[in-house]
């Protein structure tokens, strides 16, 4: 069976990724730049390369409270190989954990397309999107956080995006939505790191379907550290958390004759 790929050509003693020889990339371009290359097909500008590095750094770890860390450590304590435990953490990444980047990016990209098509400005479309989400009882993903009331990663990422002249309509829309939510609902719902990344990659021209990829690539390093710590500093089969579980199934009964 023959099939085509535009990613990497492999020949004896010769590797070419997106048109560049891998030995030329090694040592000459940062890892984040090569990630950009393999996803977009071209090497980034200095500004886009720095932004890419910042995004991956912002997703690297969030302590032991996230589902991916708990899953990875739980499996690690069963004395499995490191890749198996890291994979368990990765498998927990979905719509609720790490998925807001993907869904947020689609929401923002659709919102900006609608804004341009229907002739609204960014504040008007923000008000419309917030009101429509309220009417449909749908969350706008990328806002609010269970730990942070002001996500420090968002501030830094937006600072870099502004400095690198990457900040455009999608970032502006997130800020307008934040203001609209407070105006319409009467309480603050700050942009979290997922929402910030969703807006930034949208302004960088990435397809929203790559949203989870940014979380996945960065968080793999953190999960590796979590698993390594679990396997080198703790005994196997340790109690990782208290479970307050009460049986409420059928009453005890005899097997029928």
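Annotations for the structure displayed:
- Condition check for residue 88: farther than 23 Å from residue 142 by Cβ and within 18 Å of the chain's Cα centre (by Cα): yes
- Only one entry of 73, 114 meets the criterion of being closer than 23 Å to residue 222 by Cα and either in contact with a strand residue (DSSP E or B) (Cβ under 9 Å, 6 or more places away or on another chain) or assigned by TED's automatic domain parsing to the domain that holds residue 169 (or both), and that entry is 73.
- Residue in the range 123-133 that is at pLDDT below 95 and either part of a loop (DSSP other than H, G, I, E, B) or within 19 Å of residue 200 (Cβ to Cβ) (or both) present: no
- Among the residues of the range 177-199, those that are in a helix (DSSP H, G or I), within 21 Å of residue 211 (Cα to Cα) and in contact with a helix residue (DSSP H, G or I) (Cβ under 8 Å, 6 or more places away or on another chain) comprise 177, 193, 194, 195, 196, 197, 198, 199.
- Screening the range 78-98 for residues that are assigned to a loop (DSSP other than H, G, I, E, B) and in contact with a helix residue (DSSP H, G or I) (Cβ under 6 Å, 6 or more places away or on another chain) and picking the one that is nearest to residue 197 (Cα to Cα) gives 97.
- Sole exception among (1) closer than 19 Å to residue 214 by Cβ; (2) not assigned by TED's automatic domain parsing to the domain that holds residue 190 for residue 143, by number: (2)
Residue-by-condition table, conditions (1) surrounded by 14 or more Cβ atoms within 10 Å (Cβ to Cβ); (2) under 14 Å from residue 181 (Cβ atoms):
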| site | (1), (2) |
| --- | --- |
| 94 | no, no |
| 97 | yes, no |
| 100 | yes, no |
| 107 | yes, yes |
| 112 | yes, no |
| 133 | yes, yes |
| 138 | no, yes |
| 141 | yes, yes |
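- The range 42-92, residues that are surrounded by fewer than 14 Cβ atoms within 10 Å (Cβ to Cβ), closer than 13 Å to residue 224 by Cα and at pLDDT below 95: 63
- Test: residue 7 is touching a residue at least 40 places away in the same chain (Cβ under 8 Å) and either surrounded by 18 or more Cβ atoms within 10 Å (Cβ to Cβ) or not assigned by TED's automatic domain parsing to the domain that holds residue 165 (or both): no
- Residue check: residue 157 meets all listed conditions (1) surrounded by fewer than 19 Cβ atoms within 10 Å (Cβ to Cβ); (2) touching a residue at least 40 places away in the same chain (Cβ under 8 Å); (3) under 27 Å from residue 54 (Cβ atoms) but one, namely (1).
- Within the range 160-182, residues that are in the same structural domain as residue 109 (by TED's automatic domain parsing) and in contact (Cβ under 8 Å) with a residue 24 or more places away in the chain reach partners that are surrounded by fewer than 21 Cβ atoms within 10 Å (Cβ to Cβ) and assigned to a loop (DSSP other than H, G, I, E, B) with beta carbons closer than 6 Å, at six or more positions or on different chains, in the pairs 161/167; 181/189.
- Within the range 200-230, the residues that satisfy the criterion of being more than 22 Å from residue 151 (Cα to Cα) and outside any helix (DSSP H, G or I) are 205, 206, 207.
- Annotation: of all residues in the range 134-175 being at pLDDT 95 or above, in contact with a helix residue (DSSP H, G or I) (Cβ under 6 Å, 6 or more places away or on another chain) and part of a loop (DSSP other than H, G, I, E, B), the one that is farthest from residue 120 (Cα to Cα) is 164.
The values are calculated or read from the model by the stated rules, or taken from the named source; none is laboratory data. Keep in mind the model is a prediction, meaning the values are calculated, not measured. Reconstructed Cβ throughout: ideal geometry from the backbone, glycine too, with neighbour counts over all protein chains shown.
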